[in-house]
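Working notes, structure below.
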Amino acid sequence: MTLAWVPARAADTGVPAPMLRLPDVQGRQHDLADLRGKVVYLDFWASWCGPCRQSFPWMNQLQQRHAKDGLVVLAVNLDTEAKDAAAFLARYPASFSVLYDATGASAKAWGVKAMPSSYLIDRQGAIRSRHIGFRPSSAAELDAQIAALLQTP
């Protein structure tokens, strides 16, 4: 899978993130709008996604390192079968919130084309960057993008 970390297109820079309200494994609803004031790394993934196996440990570290600075990592699972997601998470546990969207409606609203697809959202709720794919060799660049947003009020 190719990796791309690109600013949103000029016309999209600063555009408010689409609505996102989904349940977690316990059935609790999470609403992206409730996270205004935080920087959000929103990741769309599926159990069959090879690069997701590498991104989950990195996202765990990311959440651990930057939670105190105002970062929230959210991962939206797009498997149609909950058991597939559960098997993946048993092997690659998440220390961040995992939400479920078996219908894929959120992926359509966000324009997800590949797995994983991640979006960096600023404290005002605007999309600042989109990341398609994952390679550990690019983690430092991603960290720098996130750190820069965390320093911005």
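The values are calculated or read from the model by the stated rules, or taken from the named source; none is laboratory data. Predicted model only: the values in this text are computed from it and were never measured. Cβ atoms come from the backbone with ideal geometry, glycine included; neighbour counts cover every protein chain shown. Calculation scope for accessible area: heavy atoms of the full protein, side chains included, ligands and nucleic acids excluded. Shrake-Rupley method; radii C 1.70, N 1.55, O 1.52, S 1.80 Å.
Numbers below:
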{"quantity": "Boolean, Gly125 is in contact with a helix residue (DSSP H, G or I) (Cβ under 9 Å, 6 or more places away or on another chain), of a type outside the set (A, V, I, L, M), open to solvent by less than 10 Å² (accessible area, probe 1.4 Å) and over 12 Å from Val76 (Cβ atoms)", "calculated": "no"}
{"quantity": "Filter result for His66 (surrounded by 18 or more Cβ atoms within 10 Å (Cβ to Cβ), assigned to a helix (DSSP H, G or I) and not hydrophobic (A, V, I, L, M, F, W, C))", "calculated": "yes"}
{"quantity": "Matching helices (runs of 4 or more DSSP H) fully within the stretch 74-153 where at least 3 residues are in contact with a Ser or Thr (Cβ under 9 Å, 6 or more places away or on another chain) and free of Cβ contacts under 8 Å to residues at least 60 places away in the same chain", "calculated": "82-91"}
{"quantity": "Close pairs from the stretch 44-55: first farther than 20 Å from Ser97 by Cβ, partner open to solvent by 30 Å² or more (accessible area, probe 1.4 Å) and part of a helix (DSSP H, G or I), Cβ under 8 Å, at least 6 apart", "calculated": "Trp48/Asp84"}
{"quantity": "Meets criteria (at pLDDT 95 or above and within 21 Å of Ser106 (Cα to Cα)) for His66", "calculated": "no"}
{"quantity": "Strands (runs of 3 or more DSSP E) contained in the stretch 2-60 and holding at least 1 residues open to solvent by less than 40 Å² (accessible area, probe 1.4 Å) and modelled with pLDDT under 95", "calculated": "4-7"}
{"quantity": "Tally, over the stretch 131-153, of residues that are within 15 Å of His66 (Cα to Cα), among the small types (Gly, Ala, Ser) and open to solvent by less than 70 Å² (accessible area, probe 1.4 Å)", "calculated": "4"}
